[in-house]
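Q: Next up is a structure, given as structure tokens.
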Amino acid sequence: MRHAVECQVQHARGLEELPELLPAGLLVLWDAGGPVQDTLTLCQRLHARREPVRSHLVVLTPRGPDALDTLEQAGADECLPPPGGRWGARLIALARRLRSLEPSALMMTGGNRMRTEATLQALLEFTLAEPGPDFFQVMVRQLAQALGVTCALVGELDGDSVRKLACFNLGDFCELPPYALAGTPCEITVDQAICHYPDGVAARFPEDTMLREQGLRSYLGAALRDSSGQPIGVLAVLNDRPLEARQLDYALINAFAVRAGFELERRRQRDELERSRDLLQKTLDTVPEPLLVKDRGYRWIAMNNAFCRLMGRPLEELLGRTDRDLLPKAEADTLRRQDEQVFTTGQPHEAEDTFTDASGQARVLLTRKTLFTGGGRSLLMVLSRDITERKRLESQLRLADRMASAGTLATGMAHEINNPLTFVSANLTFLEEQLTGMMVLPEALPEMREVLTETREGVGRIRELVQDLKSFARADDERTGPVDVHRVVDSALRLMRSALRHRTQVVRAFGEVPPVRGNEARLGQVLVNLLVNALQALPARTADDNRIQVSTWREGPHHVVLQVEDNGQGIPLEIQRRIFEPFFTTKPVGVGTGLGLAICNSIVQGMGGRIEVRSQPGQGTAFQLKLPVDGMTPQLRGKEAVLPL
């Protein structure tokens with residue numbers, strides 16, 4: 001069987017008339033070598049008006065490789081140079097080639113239907129690939145070329161109007177301002193699965209001026225819908241000639257619309273997520289204190305400007321980092337243990353942490369860590385407050401309080417030191433007299449030994465008192481370690497001996513307790529304050545009727561309790577609620593500062609403990625210090641005795 005290529009020759013008076021004479025089938029454009037822009041423009045116009053799957057555009061041109069690439073980009077399917085000047089022979093060769101590809105897309109006959117469907121299937125598979133930033137532009141261009149139409153556009157519904165996402169018109173991308181949905185074929189499309197007007201669309205929608213101005217006659221459109229089935233956009237192709245769409249064309253535009261709907265919904269969700277993140281960041285930035293959010297992998301996933309300033313780095317450099325990336329190992333390990341405790345128990349954690357800032361300076365942060373869950377994730381919110389300056393002022397205040405207490409103790413201390421000094425001086429005078437002339441009678445030796453023993457004891461008492469006072473008043477606030485609670489009690493009682501012995505009995509009831517974690521001098525300061533308060537609470541009666549008891553015992557595996565109890569007047573309930581407030585006092589003006597118990601509370605909390613009060617008016621008061629056990633091996637000792645004062 002012999003095959004032939006059907007050709008129709010049309011002569012145009014000029015290049016600009018050739019598109020109007022466009023035949024179906026094989027198109028041959030003869031480029032005589034004039035201005036290349038004229039040929040490019042004609043290719044674009046021919047390509048926009050033909051149906052690529054039903055025609056084949058060949059440009060016969062003597063131009064170089066660069067021009068050939070440009071012509072193919074403008075719409076030419078094939079550019080052929082003249083082989084030895086025999087252009088006719090080349091066309092015959094092309095005819096043979098087309099004849100060998102009978103089931104192709106040269107003309108829409110029954111024999112080439114399979115090739116057409118394969119081409120459309122390839123286009124469909126291309127649009128199902130991973131989307132990129134130019135997804136909609138690629139889609140409308142491919143759709144326009146596949147259906148051979150003048151224009152293809154995709155838009156997003158924005159209230160009662162349509163906002164362009166991409167528009168491909170007359171072979172190129174173009175701008176399209178937002179247009180009202182009412183009175184356009186797109187309005188019908190939104191309510192239907194597929195909307196098709198083969199011809200006369202401009203007359204049917206006279207309010208749509210774009211149809212009339214661009215001479216568009218036919219329309220095929222499909223609605224873009226989200227995952228819930230609600231319309232969110234429209235995809236349409238328009239042609240300046242009648243458009244007889246087949247079932248395959250319906251399937252193609254519907255598939256494009258479904259894919260475009262998925263992509264538009266994804267972009268909307270992405271934009272909404274970005275807006276939510278921006279809102280969250282702005283909300284976090286309104287918090288004046290450093291704020292950080294960590295995930296279960298301890299990564300920093302959100303933070304505010306205050307935290308960035310504390311770290312001395314921009315947000316971009318901190319996101320995704322961990323404590324161990326940026327902090328000294330000891331600090332990072334401590335924070336990791338705290339984080340794990342909150343993640344495991346779900347209980348908030350509050351602590352004072354030492355933190356090295358961007359300048360390398362050690363700062364003290366009061367940090368609260370709270371666990372919250374969202375979207376199946378466990379997150380840790382860390383809110384910090386820089387209390388470095390407050391801690392410095394508190395240290396100065398505690399030192400001032402100790403100096404004030406030392407001044408209060410000065411009179412009693414002078415008396416306590418003066419007593420041993422008196423007999424030390426007398427004993428030395430006696431020894432001097434006995435040794436004068438080096439004539440010492442044998443019977444005087446026992447008395448001299450007794451005098452030396454008393455002198456040694458007196459000097460020891462003076463040394464002990466001075467050491468207690470130095471320990472009480474020293475300013476090494478920050479050093480912590482294991483503290484022997486009973487040694488602190490004995491030292492405080494020695495300092496208070498002169499004030500206590502004339503007013504009250506003092507009972508020590510010591511249980512077997514391990515060392516606690518803290519600062520010996522600061523714990524002594526707390527105990528002296530509590531003893532002074534207990535002494536002031538005792539009524540004016542004989543020392544035998546008054547009683548102050550200092551007790552210790554272990555409470556569970558992690559705490560030691562130190563209690564100072566008196567049988568004084570007690571504290572009314574309404575006052576108990578305020579006794580730890582700074583500057584609150586019930587004493588007369590000029591007596592006390594109202595800071596004693598507030599400072600005690602601050603010191604005990606700084607040691608990781610707490611202070612509690614139990615009191616009944618007329619029955620006395622008990623202050624309990626609950627202190628954390630030190631991690632070292634316990635050294636237990638305990639006894640109970642009435643202290644001889």
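Q: Skipping prolines and chain starts, which residues have an amide H placed within reach, meaning under 5 Å, of the one on LEU80, given they are 5 or more residues away or on another chain?
A: For LEU80, the qualifying residues are VAL59, LEU60, THR61.
Q: Cβ under 15 Å from ASP271's Cβ, ASP271 left aside: what net charge do those residues give with Lys, Arg +1 and Asp, Glu -1?
A: -1
Q: Taking a point 7 angstrom from the Cα of ASP226 along the C-beta vector, which residues in region 135-159 have backbone N less than 16 Å away?
A: Those under the cut-off are 156-159.
Q: Order by neighbour count: THR354, THR283, fewest other Cβ atoms within 10 Å first, most last.
A: Sorted ascending by nearby Cβ count, the order is THR283, THR354.
Q: Among 153-162, 206-215, what's the highest-first ranking by average C-beta atoms within 10 angstrom per residue?
A: Numbers: 153-162: 18.3, 206-215: 14.0.
Ranking, from highest mean packing down: 153-162, 206-215.
Q: In what sequence do SER359, SER498 fall when counting other Cβ within 10 Å, fewest first? Working shown, then result.
A: On the way: SER359 7, SER498 19.
By the 10 Å Cβ count, ascending, the order reads SER359, SER498.
Q: Show me 563-572, 621-630 ranked by packing, highest mean number of other Cβ atoms within 10 Å first. List each step's numbers first, then the result.
A: On the way: 563-572: 19.3, 621-630: 20.9.
The peptides rank, most packed first, as 621-630, 563-572.
Q: Let me ask something additional. Hey, fewest Cβ within 10 Å first, where do GLU574, GLU340 land in order? Each step should come with its number before you reach the end.
A: Numbers: GLU574 7, GLU340 12.
Going from sparsest to densest Cβ surroundings: GLU574, GLU340.
Q: Quick one: which of LYS282/LYS329; LYS329/LYS369; LYS369/LYS626 span more than 30 angstrom between C-alpha atoms?
A: Working: LYS282/LYS329 32 Å; LYS329/LYS369 20 Å; LYS369/LYS626 23 Å.
Distance filter (> 30 Å) returns LYS282/LYS329.
Q: Could you derive backbone 3J(HN,Hα) for region 183-188 from the dihedral phi with the Karplus parameters 6.51, -1.76 and 1.60 (θ = phi - 60°), listing whole Hz in sequence and x where the residue is Gly or Pro?
A: 3J(HN,Hα) across region 183-188, in whole Hz: x, 10, x, 5, 4, 5.
Q: For region 285-294, in order, what is each residue's ³J(HN,Hα) by Karplus, 6.51 cos²θ - 1.76 cosθ + 1.60 with θ = phi - 60°, in whole Hz (x at glycine and Pro)?
A: Karplus-based 3J(HN,Hα) across region 285-294 equals 5, 6, 6, x, 8, x, 9, 9, 10, 10 Hz.
Q: Hey, quick one: spin label on GLU389, modelled 7 Å out along Cα-Cβ, who in region 278-314 has an amide N within reach, i.e. under 19 Å?
A: The answer is 287-291, 306-312.
Q: By per-residue mean of other Cβ atoms within 10 Å, what is the highest-first order of 521-534, 243-256, 299-312? List each step's numbers first, then the result.
A: On the way: 521-534: 24.2, 243-256: 16.9, 299-312: 18.5.
Taking the mean over residues of other Cβ atoms within 10 Å, the ranking is 521-534, 299-312, 243-256.
Q: On to the next question. From the backbone phi of region 344-360, what are the Karplus-calculated ³J(HN,Hα) couplings (6.51 cos²θ - 1.76 cosθ + 1.60, θ = phi - 60°) in whole Hz, Gly and Pro given as x?
A: Couplings: 7, 8, x, 8, x, 10, 10, 7, 9, 10, 8, 9, 8, 7, 5, 8, x Hz.
Q: I've got another one for you. Count the net charge of all other residues whose Cβ sits under 15 Å from the Cβ of ASP69, scoring Lys and Arg as +1 and Asp and Glu as -1. Display every interim value, and only then the final one.
A: Details: positive: ARG63; negative: ASP31, ASP66, GLU72, ASP77, GLU78.
Here the count lands on -4.
Only the coordinates and a few stated rules stand behind these numbers; no lab work does. What you see is a predicted model; the values in this text were computed from it and never measured. As a convention, Cβ positions derive from the backbone with ideal geometry for all residues, glycine included, and neighbour counts pool all protein chains shown.
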